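Read through the structure below, which is laid out as structure tokens, and then see the notes.
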Amino acid sequence: MEWQTDILGADFESCAFEAAGPDGVVRRATLVRHVPHEGAGGGDRPLAANGSILFLHGWSDYFFNVALAEFWTGQGFHFYALDMHNHGRSLQVDTPGGYVEHLDDYDAEIGKAIDMIRSGDPFGEVPRSLTLMGHSTGGLVAALWVSRNPGSVQYLVLNSPWLEMHGSSLVRRAAQTMVKPLARFRPTTILRLPERGFYYRSISSSAEGEWLVDPKYRPPLAFPMRAGWLSAILSGHTRVARGLRIDIPILVLISGASANGMIWQESMRRSDAVLDVNTMAVRAMTLGRTVTLERVDGGLHDVFLSAGPVRADAYARLARWIHGYISNGLPPEHLAGEEHGQPGDAP
């Protein structure tokens, strides 16, 4: 592993690596870690009493939220983020941005990143536990990965996970019927669908937001949507709808409201302008037996990119869950296979 100073600055390091997927194809991914120096939010040596956290970004996105890393480090974790293949730091000129033909194709790089975390800790510590966190499409990928790899992680945190199409499963089934033949024979075909840049407008400092987002890593209108990619997403939604039976504690954070449409609305500054939050809430209950759902009023699609008071609320809700389940809760090995309620029920 060759770690180097990351694009986020001196407190971050990144390491590019390759992993062969179940189809035998070797893909490039990039692991980023937060290594704060003295006087940079962590003192001489950050403590990791709560283990490590691995963050998975959404579609057409990459890891850039320094404050999120600092929060997790401050909560007693070692923070890592993965720029998955065809995204962010892992983009290559000869591959289509954001494209994946099967969500299982991410398995190898996620598994290898976890192995790297466990074997290459920068402070020589063996993590007490591992938490997986995913945003939007990364939330879907994280949930599916955990369901297929029981025992690999101890906690799951999902930030506005894309668990179902807008409206209902009927919309998904109709979309599957239309896209399946094209995905089978011409998977990289670009689908000519309406493009909206409202979410980017609400977060990017180059528009009307407050976050420094690199447009070559996170395009304003997202990467082109391709038939094979959409088919992979719809297949993932179908698996979620059938129930994933995840046996570890799960936290799902979503906005309090959605704002959809083809015309900009001011409400998009304080709501999810990408996904249907009510559909997400329903699907969250199919993930496993121990699911905590937090609605963040005024939240954007990424609740941790919302306006200051709103994201403070989101962080407070996340900290409460960490305190209940991880910091002062039962050890991870005692949680699986038992019935548990809300974080406040933990001893």
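The values are calculated or read from the model by the stated rules, or taken from the named source; none is laboratory data. This is a predicted model, so every value here is computed, not measured. Note that each Cβ is placed from the backbone with ideal geometry, even for glycine, and that neighbours are counted across all protein chains shown. Side chains are part of the model used for accessible areas, which takes the heavy atoms of the whole protein and leaves out ligands, DNA and RNA. Shrake-Rupley method; radii C 1.70, N 1.55, O 1.52, S 1.80 Å.
What to note about this one:
- Judged by the ratio a/c of the largest to the smallest principal axis of the C-alpha gyration tensor, the chain counts as rounded, that ratio being less than 1.5.
- When the square roots of the Cα gyration tensor eigenvalues are ordered a ≥ b ≥ c, the ratio a/c for segment 132-214 is 1.5 or more and a/b does not exceed b/c, which makes its shape oblate.
- Considering only Phe12, Ala284, Pro36, and ranking their Cα positions along the charge dipole of the chain that arises from unit charges at the beta-carbon of Lys, Arg, Asp and Glu, the one farthest toward the positive end is Ala284.
- Relative contact order of segment 132-231, defined on C-alpha pairs under 8 angstrom at six or more residues apart (%): 24 percent
- Of the residues Arg118, Arg196, Arg218, the one with the largest accessible area comes first in the ranking Arg118, Arg196, Arg218, computed with a 1.4 Å probe on protein heavy atoms.
- Label-reachable residues, segment 223-253, where backbone N falls under 18 Å from a point 7 Å from Phe185's Cα toward its Cβ: 227-229, 231
- For the chain, modelled as a GNM whose springs connect Cα atoms under 10 angstrom apart, the maximal fluctuation among Asp302, Asp115, Asp107 occurs at Asp115.
- Basic side chains Lys and Arg get +1 at the Cβ, acidic Asp and Glu get -1 at the Cβ, and with that the dipole of the chain about its Cα centre reaches some 1240 debye.
- A cut-off of 5 Å between modelled amide H atoms, ignoring neighbours fewer than 5 places along the same chain, links Ala257 with Asp272, Gly298, Gly299.
- Using a probe of 1.4 Å, the accessible surface attributed to Leu182 totals some 50 Å² when neighbouring protein chains are kept in position.
- Per residue, the solvent-accessible area of the chain (1.4 Å probe, heavy atoms of protein chains only, all protein chains present) comes to 42 Å².
- Rounded to the nearest 500, the helix-only mean residue ellipticity at 222 nm of the chain stands at -9000 deg cm²/dmol, with each DSSP H run of n ≥ 4 adding -39,500 (n - 2.57).
- In sequence order, calculated HN-Hα J values of segment 296-303 (Karplus, 6.51, -1.76, 1.60; Hz; x Gly/Pro): 9, 4, x, x, 7, 4, 9, 4
- Relative contact order [Cα under 8 Å, 6+ residues apart], the chain, whole percent: 14 percent
- The Ser152 and Glu210 beta-carbon pair, evaluated with R₀ = 51 Å, returns a calculated FRET efficiency of approximately 0.90.
- Most mobile of Arg269, Arg245, Arg186 in a GNM of the chain (Cα contacts under 10 Å): Arg186
- Label-point gap, in nm, between Ala281 and Ser267 - each point 7 angstrom along Cα→Cβ: 1.4 nm
- Area of Met84 that stays accessible when all protein chains are in place (1.4 Å probe, Å², to 10): 10 Å²
- At least 20 Å along the helix axis (C-alpha) and Kyte average at least -0.5, DSSP helices within the chain: 169-185, 227-242, 308-322
- Residues considered: Pro96, Pro187, Pro309. Largest GNM mean-square fluctuation over the chain, using C-alpha springs under 10 Å, is found at Pro309.
- Here segment 77-232 exposes an accessible surface that is 56 percent carbon and sulfur, computed with a 1.4 Å probe and the other protein chains kept in place.
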